[in-house]
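Written out below as C-alpha cells is the structure these notes cover.
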Amino acid sequence: MPDSCVICAKHRGTGPLVGPVVWAGELVVVSHRPGAFPGYLFVETRRHVANLDGLTEAEALGVARAAWVAARALRAELEPESVHSAMAGRGLARAHFHQHVFVRHRGTPGELGWMDVDWPGAPRVDLDLLCGRLSAHFAG
Ligand SMILES: [Zn+2]
C-alpha cells in the first residue's frame, strides 16, 4: 500500500479520487467516480497490484463478478443507451488495478467517443441516492 498510490489513498478515504462507495468486499471495492456525472463506476482490488495478470485467481473472480453486477445495476437503474467497460492501466492511477464500468446515456452526442461520456446536457441525479440503489444490486 504505497503512500504515493492514489487508489490506495482512496481506499483510506483520502485524495482526489474519493467517491461514494457502492460495494466493498474482502478483495474488491466498487465506487462511483467523484463529480456530477451519474453512472461511472470503478472496480478495484483492495491489494495494490498494477495489472490484470498480477491478480490472484480469487481477485480475478471477484473483479469479474463485481463488474458484471455493476453493469447490470447501471442498466437497471439508469436505462442507458449502453454500458461499457475498460481496463486501460494508464494515467494517474496506472499503478493500481482498476476496471471502469460506465454508461453512455441516451442522447449522448454521436461525436463523443465511447469513453468520453460527459457533456453539458448529460443527466444529473443525486449521486448518493443513485449509489444506494446501485448497492442493493450487490446483495446476495
Ligand atoms: Zn495502490
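Does region 31-42 include one or more residues that are within 16 Å of the ligand (Cβ to nearest atom), touching a residue at least 24 places away in the same chain (Cβ under 8 Å) and closer than 21 Å to Asp126 by Cβ?
yes
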Would you mind finding the one in Leu41, Leu17 that is of a type in the set (A, V, I, L, M, F, W, C) and at pLDDT below 95?
Leu17
Out of the residues in region 64-123 that are of a type in the set (D, E, K, R), assigned to a loop (DSSP other than H, G, I, E, B) and without any contact (Cβ under 8 Å) to a residue 60 or more places away in the chain, which is surrounded by the most Cβ atoms within 10 Å (Cβ to Cβ)?
Arg94
Checked region 43-62 for anything within 15 Å of the ligand (Cβ to nearest atom) and assigned to a loop (DSSP other than H, G, I, E, B); matches are Arg46, Arg47, His48, Val49, Ala50, Asn51, Leu55
How about region 14-42: which of its residues are among the polar types (S, T, N, Q) and assigned to a strand (DSSP E or B)?
Ser31
What tally of residues in region 124-137 results from selecting those that are in contact with a Pro (Cβ under 8 Å, 6 or more places away or on another chain), surrounded by 11 or more Cβ atoms within 10 Å (Cβ to Cβ) and part of a helix (DSSP H, G or I)?
3
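The values are calculated or read from the model by the stated rules, or taken from the named source; none is laboratory data. Keep in mind it's a predicted model, so treat the numbers as computed, not measured. A quick note on method: Cβ atoms are made from the backbone with ideal geometry, for glycine too, and the neighbour counts reach across all protein chains shown.
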